[in-house]
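Here's the structure, in structure tokens; my notes come after.
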Amino acid sequence: MKLSLIALVLIGGVLTLSASACSEKASADATVAIHYSRFEPELITATAGKPITITLRNDDPIAHEWMVGDAAMHERHRTGTEPYHDQIPTEVTIPSFSERVTTVVFDQPGDYAYICHLPGHEAYGMVGTLRVLPR
């Protein structure tokens, strides 16, 4: 009898841990590190309608961009000529060996790409996803 009770408690604990590990949880803040022209992590989560503060840390000896938005925004920046971004929270330039902090809010759930649009960086794989979860 005691062994059965212990087994049930252990199984219940494992199931609880498994369920919590599988569910996505949005964050109120995140850090995105840039190293070797890669974003880490490549996925961050937020909640629709709630601000998320993101620290962008560039550990590379060259500047990078962190541009997050829909496909139309990215298309504009692929062909754009803006050399520096510091006025719009979803469009940030991070100089070499520095940090920038931005706070963004997306009202609609969905996946929004974040990309560095400097020449060749997107093709090299400098992309990630900001997943906005429903409230």
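Some values worked out for this structure:
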| read-out | value |
| --- | --- |
| Ranked order, Val132, Val127 - accessible area, probe 1.4 Å, largest first | Val127, Val132 |
| Accessible area of region 42-130 belonging to carbon and sulfur atoms, whole % at 1.4 Å probe | 54 |
| Heavy atoms of Ile115: accessible area, 1.4 Å probe, square angstrom to 10 | 10 |
| Descending Cα extents along the principal axes, region 31-135, whole Å | 39, 26, 25 |
| Probe 1.4 Å, all protein chains present, accessible-area order of Phe106, Phe39, largest first | Phe106, Phe39 |
| Protein-only accessible surface order, largest first, of Tyr124, Tyr114, Tyr36 at 1.4 Å | Tyr36, Tyr124, Tyr114 |
| Estimated dipole of region 49-115 in Debye, rounded to 20 [Cβ of Lys and Arg +1, of Asp and Glu -1, Cα centre] | 80 |
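The values are calculated or read from the model by the stated rules, or taken from the named source; none is laboratory data. If you're wondering where the values come from, they're calculated on a predicted model, not measured in any experiment. FYI the Cβ positions are ideal-geometry reconstructions off the backbone, even for glycines, and counts take in every protein chain you see. Accessible surface areas use protein heavy atoms only, side chains included; no ligands, DNA or RNA. Shrake-Rupley method; radii C 1.70, N 1.55, O 1.52, S 1.80 Å.
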